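Only one structure is covered here, and it is reproduced in the block below.
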Number of protein chains: 4
Amino acid sequence: MTPKMVDREQKRLQIIGSAFNVLRDKGYMDTKMSDIAEAVGIGKGTLYEYFANKEELVAATVETMIRLSQDSIYRELDAIADPEEKLRRFIRLLAEAFGEESGLFRLFIEIVRGSGGGGGRFERMDYLAEAYKRTTNKVEAILKEGIDKGVFRKVDVPSTAVLLVCIMDGLQLPYGLDRKSVDVKKVNGVVEEMVFSYLK
Amino acid sequence: MTPKMVDREQKRLQIIGSAFNVLRDKGYMDTKMSDIAEAVGIGKGTLYEYFANKEELVAATVETMIRLSQDSIYRELDAIADPEEKLRRFIRLLAEAFGEESGLFRLFIEIVRGSGGGGGRFERMDYLAEAYKRTTNKVEAILKEGIDKGVFRKVDVPSTAVLLVCIMDGLQLPYGLDRKSVDVKKVNGVVEEMVFSYLK
Amino acid sequence: MTPKMVDREQKRLQIIGSAFNVLRDKGYMDTKMSDIAEAVGIGKGTLYEYFANKEELVAATVETMIRLSQDSIYRELDAIADPEEKLRRFIRLLAEAFGEESGLFRLFIEIVRGSGGGGGRFERMDYLAEAYKRTTNKVEAILKEGIDKGVFRKVDVPSTAVLLVCIMDGLQLPYGLDRKSVDVKKVNGVVEEMVFSYLK
Amino acid sequence: MTPKMVDREQKRLQIIGSAFNVLRDKGYMDTKMSDIAEAVGIGKGTLYEYFANKEELVAATVETMIRLSQDSIYRELDAIADPEEKLRRFIRLLAEAFGEESGLFRLFIEIVRGSGGGGGRFERMDYLAEAYKRTTNKVEAILKEGIDKGVFRKVDVPSTAVLLVCIMDGLQLPYGLDRKSVDVKKVNGVVEEMVFSYLK
DNA sequence: AATGAATGAGGGTTCATTCAT
DNA sequence: AATGAATGAACCCTCATTCAT
């Protein structure tokens, strides 16, 4: 990687960071390229020096933010040996990651929505599917390990893993609708109880 | 309500029905007013005789479809006396309603996304919050009844109700990403098991 | 053709007429869609009700103007029996058609230029090639008839026909460069003399 | 001219050479400044060290290429004494210069087109008019000499000269439209025959 | 002198909305 | 009441030009 490449990559990341803030707040549809440029503090045209078009910029933004989020989660998880503790931590980290602070998943969903139909606009959304798959795989591994070690019951691993990820995703819902009246912490507590009541 | 009003209401419903089909398939962003008009089989201008603008039409569509879905679910549930059976049925009905066939929730999410930020375009989305609230209330009622009758443990009712709705919502996720490799029926089965392992 | 189609075709022609005026004066590159809209006296968006994009509009304009020009020329020629008189008239009509009044050919050339390279923007320019071919064919027919009737020498018909069309085209040149100092009428006279000195 | 100036002039010529290749292939409209810079193998900004803007660069390119072409033609013609031979050679040289290999005239025409209207972008296109004038003057001189020497008929010299240049220009036409089906050599042969049948 | 990253004016195009019929 | 032709604001994107290094 030449020095120039470093600068370029730095700038891409800077743009992605600001782009994410705007996209998270306004959604894909309502985010104009000029909004992003303004947020980064650069000219509109400069965006096109780093990304071919809006779709690429948004895809790269989502990809990067997911990767960063996943990397950070996985790194922390890898340091934990006990499967139950690992799963418990996983739930909390995902709840955090999906929580309001991030908004990543709200954006994620909007984009998936737009491209789910087949003729959708996002081509590179395979990455999103991969990220999802990576997460379910991670959960599957944790579950298997727990079962092998006799910590968990012998549950259907693939279905349970999918369900766990779905639940974490579903916890997004109140953020859009009912921010005030829901005690997120409590709900998260119930999630853990419920999951382990099932696994034990 | 005069006969004319009835006609008017009929036509609104007809438009809403066709609009929903289009919106479900293409998403909010990619659905043009002309697409809807074409689907209904009327002129573009006529839409504006029945709805003030795109936002109103879409809001009314989502409202109506949610109401219809909820009405049908509640009607069926009211016929069931046993709380456990009621909750079990509720889970299945919601899974169905949120399932791929409907697509209602994918649309719902896309719209909520757009208006979540506060400055968003959808003003009338309070209705969505109400629908959500109505559902959690319904679940709360079922839980309370079950606890009162000694069928369920004494769980935190509000949090558990919220969680249940979130879980049902979260089950949408695979539809957009991983339609093929997920065995939806199995996952739904795990949901039931998990919920009741927690409530018992 | 329904009544609506008539109106539509009328409007297309109206747009084409105004578009031609603008294109002739400013050239393809410097003609903005808004210039054309303004010239027609309609909104910019309306152009797109009748033509898919700028390229289609320009292609249709050139096609139509060429067709009109050719139709008018051919109609007049068909009324003439004598080959020499026919060719003489042909030269004069083409000189007129290609003359400054029209500017059609200047535009024509600019467009062919842009699309000649192969990767060029104009896909429908086959029509231009056809128009050119139609003209050379017409000239070939006149030459053949003249030769058959013994009015002309036995020249190489295809090459001579191509050359005649090229000459007429070449007469455009002074219009762009030297409008003032060239006596077009005289030059046209020389063309005729030269051509017939060759054919006799 | 200081050594520095020589270097500068060298570089200008180098740029012009590459610029011509690109312009000939893509046309004015589709040639970006970056294309030229890349072709020269220098930075985009450097172009502006040698030419004030795109227009100047293109104008200089066309000017230079025309001058080079004319110089080479004139040098060769000056070595010929016999007027008929001179004219014959002139026709062949111009046919070559205007031929596909060069593409100079296709570019020339595109540019003249853009600036013909008066409000056009090219201010310095006077040079093109001068080059054209120089060519007609040259032809006039040849014709006069031929007439004086009794080799040619007493034709209208200015008109005939203009016509000859127009014909040579017109021979460009098939290159853009009908490259395949035209036997250029034969057509060029007919040109000579026709011209001399007129002059004798 | 040379560069190329940054810029932003400007163009083509879309589509929600209007309104004359 | 119903229509769809007309509209133009608004958006994405390009590319000639500038200027800090």
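Bear in mind these aren't lab numbers, they're just calculated from the coordinates by the rules spelled out. Here the structure is a predicted model, which means the values were calculated and not measured. Every residue, glycine among them, receives a Cβ derived from its backbone with ideal geometry; neighbour counts consider all protein chains shown.
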Exercise. Pairs of Cα atoms under 8 Å, at least six residues apart: use those to get the relative contact order of region B:1-51, whole percent.
Key: 35 percent
Quiz item: Among B:A60, B:A81, B:A129, which one moves the most in a GNM of chain B with springs linking Cα atoms closer than 10 Å?
Solution: B:A81
Self-check item: Sequence-distant residues sharing a close amide H with B:F152 (under 5 Å, placed H)
Solution: B:I147
Quiz item: Measuring from centroid to centroid over Cα atoms, what is the spacing of region A:52-81 and region A:121-200 in Å?
Solution: 17 Å
Self-check item: Rel. contact order, % - alpha carbon contacts under 8 angstrom, at least six apart, region C:59-199
Solution: 29 percent
Quiz item: Among B:G189, B:G17, B:G103, which one moves the most in a GNM of chain B with springs linking Cα atoms closer than 10 Å?
Solution: B:G189
Quiz item: Of all chymotrypsin sites (Phe, Trp or Tyr not before Pro) in region D:148-200, which ones are in loop regions per DSSP and have a Cβ with at most 14 other Cβ atoms within 10 Å?
Solution: none
Self-check item: Nitroxide proxy distance, nm - points 7 Å out along Cα→Cβ at C:K186 and B:K32
Solution: 5.9 nm
Quiz item: Is there a pair in A:K144/B:K144; C:K54/D:K26; C:K144/C:K186; D:K11/D:K54; B:K32/C:K26; A:K26/C:K54 whose C-alpha atoms are over 25 Å apart, and which pairs would that be?
Solution: A:K144/B:K144; C:K144/C:K186; B:K32/C:K26; A:K26/C:K54
Quiz item: Nearest-to-axis residue of chain C, judged by Cβ, for the C-to-B rotation, with distance in whole Å?
Solution: C:G45, 4
Quiz prompt | Expected 222 nm ellipticity per residue - DSSP helices of 4 or more, -39500 (n - 2.57), all of chain D, to 500 | solution = -25500 deg cm²/dmol
Self-check item: Neighbour net charge for C:E140 - beta-carbon separation under 11 angstrom, K R +1, D E -1
Solution: +2
Quiz item: Given the options B:L173, B:L87, B:L104, which has the most mean-square fluctuation in a GNM of chain B, springs set between C-alpha atoms less than 10 angstrom apart?
Solution: B:L173
